[in-house]
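The values are calculated or read from the model by the stated rules, or taken from the named source; none is laboratory data. Note that the structure is predicted; figures quoted are calculated from it, not measured. Note that we place each Cβ from the backbone using ideal geometry, even for glycine, and neighbour counts take in every protein chain shown.
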Amino acid sequence: MDSLHAFALWVKSTDLSWSVTHHAWVWATCEALHFIGMSILFGCVGALDLRMLGWWKAPPVAGVNALVRWGVIGFAINLVTGILFFVGEPLQYIDNPAFRFKILFLVLAGWNVLMFYVTGVADQIEGLEPDDDTPTSAKVFAGTSLFLWVGVIFFGRMLPFLGNSF
């Protein structure tokens, strides 16, 4: 824990940290972009998850899967803005249980995505037409994905309310 605090103190001493916290527009802009990024990410990935779960069977999987590229852009926006938040106020985050759970859910969501592609399940569903049912393995990945991304959003929103950081 001491090395984590030492790292946080070092990050807090950087010029970038000073810029993030002393120019109000930087934090506000990051907040707006973080919300937009998560909306893009969750909207695109969530659409594919709902299609795989069979709750939205009208479109072909390939068409919905094309949205995932936009979801990656949303993730990239969130990654950059999330790093800027951390750099701006690292001591707010390192001891906050909500932040730790958010990162855990984020890592697990990334692992879920990786396994979805590595195991070949993504290839199995690519050719499915409207009203075709997805294999059980795809449904498991989709349900897990929704659960984990909702967890990321929930714990991100709980940052000011859990722990004494904010």
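Numbers for the structure displayed
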{"item": "Selection count where residues are closer than 25 Å to Asp15 by Cα and charged (D, E, K, R), scope segment 26-78", "result": "1"}
{"item": "Filter pass, Trp111 being within 25 Å of Asp131 (Cβ to Cβ), assigned to a helix (DSSP H, G or I) and modelled with pLDDT of 95 or more", "result": "no"}
{"item": "Restricting segment 22-54 to residues that are surrounded by 15 or more Cβ atoms within 10 Å (Cβ to Cβ) and among the aromatic types (Phe, Trp, Tyr), the residue that is nearest to the chain's Cα centre (by Cα)", "result": "Phe42"}
{"item": "Matching option when the condition is of a type in the set (Asp, Glu), at positive phi and surrounded by fewer than 12 Cβ atoms within 10 Å (Cβ to Cβ), among Asp131, Asp123", "result": "Asp131"}
{"item": "Failed condition for Phe161, given (1) more than 23 Å from Ile36 (Cα to Cα); (2) in contact with a helix residue (DSSP H, G or I) (Cβ under 8 Å, 6 or more places away or on another chain); (3) surrounded by fewer than 18 Cβ atoms within 10 Å (Cβ to Cβ); (4) hydrophobic (A, V, I, L, M, F, W, C)", "result": "(1)"}
{"item": "Looking only at segment 94-111, and only at residues there that are closer than 17 Å to Leu148 by Cβ and buried (at least 19 other Cβ atoms within 10 Å of the Cβ), the one that is farthest from the chain's Cα centre (by Cα)", "result": "Ala98"}
{"item": "Top-ranked residue of segment 55-74 - restricted to ones that are loosely packed, with under 15 Cβ neighbours inside 10 Å and among the small types (Gly, Ala, Ser), ranked as modelled with the highest pLDDT", "result": "Ala66"}
{"item": "Restricting segment 37-95 to residues that are touching a residue at least 12 places away in the same chain (Cβ under 8 Å), assigned to a loop (DSSP other than H, G, I, E, B) and among the small types (Gly, Ala, Ser), the residue that is farthest from Asp123 (Cα to Cα)", "result": "Ala58"}
{"item": "Qualifying positions in segment 1-16 - closer than 17 Å to Asn96 by Cβ and either modelled with pLDDT of 90 or more or exposed (fewer than 13 other Cβ atoms within 10 Å of the Cβ) (or both)", "result": "Met1, Leu4, Phe7, Leu9, Lys12"}
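Rundown of residues vs (1) modelled with pLDDT of 90 or more; (2) under 17 Å from His34 (Cβ atoms); (3) among the basic types (Lys, Arg), yes/no style:
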site: Ile83; (1), (2), (3): yes, yes, no
site: Lys102; (1), (2), (3): yes, yes, yes
site: Ala122; (1), (2), (3): yes, no, no
site: Phe141; (1), (2), (3): yes, no, no
site: Gly156; (1), (2), (3): yes, yes, no
